[in-house]
Amino acid sequence: MKHLVLTAALLLAGTVEAQQAADTVAPEGAGAGGFEEMGGAVAAALDAKAAGRPVEAAEWMVAAANPHAVKAGADVLARGGTAADALVAVQVMLGLVEPQSSGLGGGAFLVWYEAATGEVTTLDGRETAPLAVTPRLFQDAEGEPLKFFDAVVGGRSVGTPGTPALLAEVHARWGSQDWASLLQPAQELARAGFAVSPRLAGLVAGDAERLRSSDATAAYFLPGGAPVSAGTVLKNPDYAATLETFAAQGAAAFYGGSIGRDIVATVQGAEGNPGVLSEVDLAIYRVKERPAVCPPYREYQVCGMGPPSSGAVAVGQILGALEGHDLSSGPLDPEVRRLMGDAGRLAFADRGRYLADSDFVPVPVSGLIDPAYMAERAKVLETDRSLESVAPGNPTFDHALNWADDESIELPSTSHISIVDAAGNVASMTTTIENAFGSRLMTNGFLLNNELTDFSFRSHRDGVPVANRAEPGKRPRSSMAPTIVLRDGQPVLAVGSPGGSRIIGYVVQAIVGVIDWGLDVQQATAVAHAVNRFGAYDLEEGTEAVTLEAPLTAMGFEVNTRALTSGLHLIGIGEGLTGGADPRREGIVLGE
Ligand code: DON
């Protein structure tokens, strides 16, 4: 019953509180959001989504979490911009209209397929721990883990933002349009004001107390003391000014300039919970190109983000364990779910033990996704019951090191962007400020992340260090899994989702949905979720997934029913392009 023991361990460190908060903020629903008034292609895209139809196009396509952002990207693609240009326009618009999820105060991972060379490149724009942190960052004087929100709210959890540097890097490598022109639409909308969406309004209302903890944040989201309501026109002149500076000075404004100084002052000055981020941390920040992790699944290569994300390794391990099984009977077959659930538990056991920033700890990536290792580990699935206990395996390791199991917590925010341009370049980027509204600190019109709480709160267990412990200059382990699936070297699917550590299950299910269940990309976003991260099986409440409760319980699984608010954005690439946007959020797909 080791998994139960570890589940119990995860209930430490304020996880119960965190879980309750997740329950209160998750089911805000997609809602129409008043976006119909944007008219034209946006209205048509909303109709397609409401009808459960994929969007089809021949040339280019963009799928993301908010119609304003998708429209900004589509306008760039329509005038001949690359996927990189569009990505910049989408991200800076998301920072305005979906500020709780991602933005210039956060970090992101990009998987990029370059049509001209056939190469897949992955860029790591993850937030980084300040040089002054210690492994006991989230512990009290006795070495006990802090309560989750005591750690999140304030300056302590803020890592050096990576998104501004990543956007500049992406544009420098693959962009073709004038930099300032990509920031312009968000700048204009920030000045003119945008209608607060139902989803944003619901999240603000649910988090009002924490948003009050900082004056700037409260003034923006709770003007006059009350949460902004849906439909309110919200202006963000500070964000417009930030974009103006970003347009003029590039990323230097964040990593040495006036905006950077404001970030540091906000973090160090956070009342009650100051952080140690310094101007040196900003000055030394670098986007890192990492080797793409491309494990096989059937006749496909599933390319994604390696460490410090656990995304590609865990997605690959789950698919690897399923490789020998026929899953075609679909998502409501309990046997299919038994296999997917226990494959998930096996992958999460390895993730908890081995995955961390590979610049600090040796991570056995190739050992973990070695088909022979995965096949050996999958042998335990040859049963008809849920596995009684699940422990990490022993992948081939080029270092004789042993780590203790991790303890960290993740909660809803984050956004996924999928783009294909007319030249056939593909961008799959997952972007985040971690928790909804991040650290709740705001400066220059954007929120600062709380990404450092993705480190393990426990630095050691029984004297054995945890791989994902906080260390100076280290990047916290992520679950983000931006993915490009290829067949014979050609991209066939771009996919990714928010959802904390459930991202891994959401992405696996979407890939299996398209490859094994024969779903179109819109159907694949909408499949009722069943996700097993390590302990209990989570079934999506109010959906047909709850029919799995009795059979999975009979097999020996512990089962929970709850809201599972993924935000999947898929683009299928073949003769033409097809796009799907998760019905659980406000996103759409546009293409031409
Ligand atoms: O990097 C990660 O894995 C998390 N910080 C992502 C957070 C997230 O997806 C919240 N989800 N809805």
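Let's test the formula: R0 of 51 Å, r as the Cβ-Cβ distance of ARG191 and ALA50. What FRET efficiency results, to the nearest 0.05? Write out the running numbers ahead of the final one.
Working: r = 31 Å, r/R0 = 0.61.
Here the calculated transfer efficiency is 0.95.
Extension gain, GLU209 to ALA132: 0.36 nm times the residue separation minus the Cα-Cα distance gives 24.8 nm. Full extension of the segment from ASN560 to ASP370, taken as 0.36 nm per residue of separation minus the current Cα-Cα distance, would add 65.2 nm. In this Cβ point-charge picture (+1 for Lys and Arg, -1 for Asp and Glu), the chain has a dipole of about 660 debye about its Cα centre.
Could you tell me which residue out of LEU104, ALA422, THR383 lies farthest along the dipole of the chain toward its positive end? Charges go on the beta carbon: Lys and Arg +1, Asp and Glu -1, centred on the Cα centre. Ranked along the dipole, the leading option is LEU104.
Answer with one residue from ALA168, ALA180, ALA141: the one whose Cα lies farthest towards the positive end of the charge dipole of segment 91-221, charges on Cβ with Lys, Arg +1 and Asp, Glu -1. Positive-most Cα among the choices belongs to ALA180. Going 7 Å from the Cα of ALA180 along its beta-carbon direction, which residues of segment 226-259 have the amide nitrogen within less than 20 Å of the resulting point? Inside the label zone: 237-255, 257-259.
Counted by neighbouring Cβ atoms within 10 Å, the residues VAL390, VAL546 run from fewest to most as VAL546, VAL390.
Taking other C-beta atoms within 10 Å as the exposure proxy, TRP517, TRP112, TRP174 rank TRP517, TRP174, TRP112 from fewest upward. So how far apart, in nm, are the two label points at ARG487 and GLU37 if each is 7 Å from Cα heading toward Cβ? Placing both labels 7 Å beyond Cα along the Cβ direction yields 4.4 nm. Here the spin labels are modelled as points 7 Å beyond Cα on the Cα-Cβ line, and at ILE284 and THR547 they lie 5.7 nm apart.
At a 10 angstrom cut-off on C-beta neighbours, averaged per residue, how do the peptides 140-148, 344-352, 294-302, 178-186 rank from highest to lowest?
344-352, 178-186, 294-302, 140-148
Every number here is computed from the coordinates shown, using simple stated rules; none is lab data. Remember, predicted model here, so these are calculated numbers, not experimental data. Cβ: placed from backbone, ideal geometry, glycine included. Neighbour counts: every protein chain shown.
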